[in-house]
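To start, the structure itself, in structure tokens.
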Amino acid sequence: MTRAERIARAKQALVSTAGGFLRNPGQPSMGTCDRCLTPTRRTPMCADCVSDSAVFGAQDLTGFMTYAGYLDPIHQAGHVMRGYKHSRPAPSHRQTVELLAGLALRAHIGCPGSLLGVHVTRWATVPSLPPKPHRAVHPLNDIVRRLARFNDNEVPLTAAAGVINPRAISPAHYEADPTRAHGHHVLIIDDTWTGGGHVTSAAMAVRAAGATHVSVLALARWLSNGWEATTPKWASDHLKAPDFDPDICPWTRGVCP
């Protein structure tokens, strides 16, 4: 099977099994933050990202595959992103996350390199914070390792113990091996972005380890009920249709570069 055939099969499988409850984030008509894609009542940046402007340099690019949460119609995506990490996940939950990651790594892996002019040469996944000693391998890391062409291109991230506020942004929350990251364009993959603290802290740690470029991919951007602009009307206007489009680039939110 050719690479193009594998990509086409992954797109078809994702749309047929999960396209009805997945939604492409941050389309132009949605009125979302330029950085994190939360609803913003059509202002360029949400309040949280404005207050965190000092850490914008942690990553060069940030991409998102889908919205998830407990709003209609993305509540099923929320259950999937929570459920795939259970000790005995539903097969459909694991399959959906595998398909999202597979689509990103097969169809869109070249997009960050095209945008920045430097190909992705290393990858990393964000471990749980605080660490979970009972779980030897994070489910996302297991999925990405199975999909990645070369596992020796991984930059392993180690989560710090005793972190008081794991949602805060700090390079001390993670440690990356400089011998693996130095001089490389590293793609950091996380399953869910809620406030962005985990993956931004991981990006800062990778940058501190010598990476020349850092791109971030979140499989799901979590939307919570009660956020100022995440109203039932916004959800009704922007999340009811259309269904997930696998050809939309997670970084440009349009055509691939």
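Miscellaneous remarks
- Under the convention that each Lys and Arg Cβ holds +1 and each Asp and Glu Cβ holds -1, the size of the dipole of the chain around its Cα centre is about 460 debye.
- Carbon and sulfur %, accessible surface of the range 8-117 computed with the full protein complex present, 1.4 Å: 52 percent
- Ligands, DNA and RNA aside, ILE109 has an accessible area near 50 Å² when probed at 1.4 Å.
- Residue order for SER215, SER92 - accessible surface, 1.4 angstrom probe, largest first: SER92, SER215
- Across the range 1-122, the mean sequence separation of Cα contacts (distance under 8 Å, 6 or more residues apart), normalised by length, yields a relative contact order of 23 percent.
- Distance from the Cα centroid of the range 196-244 to that of the range 133-172 is 18 Å (rounded to whole angstrom).
- Over the chain, DSSP H runs of length four or greater, each weighted -39,500 (n - 2.57), average out per residue to a 222 nm ellipticity of -9500 deg cm²/dmol.
- Surface accessible to a 1.4 Å probe, HIS79 within the full protein complex, Å²: 90 Å²
- Rounded to whole numbers, the Karplus 3J(HN,Hα) couplings from phi for the range 242-249 are x, 5, 4, 10, x, 8, 6, 6 Hz, using 6.51 cos²θ - 1.76 cosθ + 1.60 with θ = phi - 60°, and x at Gly and Pro.
- Prolate/oblate/rounded call for the range 106-257, Cα gyration tensor, a/c under 1.5 rounded: oblate
- Solution diffusion estimate, µm²/s, Stokes-Einstein, the range 7-50, Kirkwood Rh from C-alpha pairs, 37 °C, viscosity 0.692 mPa s: 272 µm²/s
- Here the 3J(HN,Hα) profile of the range 107-118, calculated from phi with Karplus coefficients 6.51, -1.76 and 1.60 at θ = phi - 60°, is 8, 10, 5, x, 5, x, x, 5, 6, 9, x, 9 Hz, Gly and Pro shown as x.
- Accessible area ranking (1.4 Å probe, heavy atoms, ligands and nucleic acids excluded), largest first, for LEU105, LEU14, LEU115: LEU115, LEU105, LEU14.
- For q = 0.14, 0.19, 0.20, 0.24 Å⁻¹, Debye-computed log10 I/I(0) when each Cα of the range 1-108 counts as one equal scatterer: -0.70, -1.07, -1.12, -1.25
- Trypsin sites (Lys or Arg not before Pro) within the range 8-50: DSSP coil, no more than 15 neighbouring Cβ in 10 Å: ARG41, ARG42
- Long-range HN-HN contacts of ARG253 with modeled amide H, under 5 Å: none
- Over the chain, relative contact order from alpha-carbon pairs under 8 Å, at least 6 apart, %: 28 percent
- The range 186-257 - percent of accessible surface contributed by carbon and sulfur, probe 1.4 Å: 55 percent
- Amide H contacts under 5 Å for THR62, placed H, 5+ residues apart: VAL216
- Against the rule of thumb 2.2 N^0.38 Å, how large the Cα Rg of the range 52-115 comes out: 1.38
- Three-way shape label, the range 54-170, alpha-carbon gyration tensor, a/c 1.5: rounded
- Total formal charge among the other residues, if their Cβ is under 15 angstrom from that of ALA181, Lys/Arg +1 and Asp/Glu -1: -2
- Between ASP247 and THR231, the contour length at 0.36 nm per residue exceeds the alpha carbon distance by 3.0 nm.
- With all protein chains modelled, accessible area of THR158 [1.4 Å, Å²]: 80 Å²
- Label sites at ALA161 and ASP48, each approximated as a point 7 angstrom past Cα along Cα to Cβ, lie 3.0 nm apart.
- For the range 139-211, the direction-averaged projected area of the alpha-carbon convex hull comes to 5.0 nm².
- Whether the range 95-143 is rounded, prolate or oblate, judged on the alpha carbon gyration tensor where a/c under 1.5 counts as rounded: oblate
- When the residues ARG122, ARG207 are ordered by accessible surface, computed with a 1.4 Å probe over the protein chains alone, the sequence from largest down reads ARG207, ARG122.
- Label point distance in nm, THR212-ASP177, each placed 7 Å from Cα along Cα→Cβ: 2.1 nm
- Note that the range 94-168 presents 51 Å² accessible area per residue, ligands and nucleic acids not counted, probe 1.4 Å.
The values are calculated or read from the model by the stated rules, or taken from the named source; none is laboratory data. This is a predicted model, so every value here is computed, not measured. Ideal geometry is used to build each Cβ from the backbone, glycine not excepted, and the neighbour counts take in all protein chains shown. The protein model used for the area step is the full one, side chains on, heavy atoms only, and it has no ligands, DNA or RNA in it. Shrake-Rupley method; radii C 1.70, N 1.55, O 1.52, S 1.80 Å.
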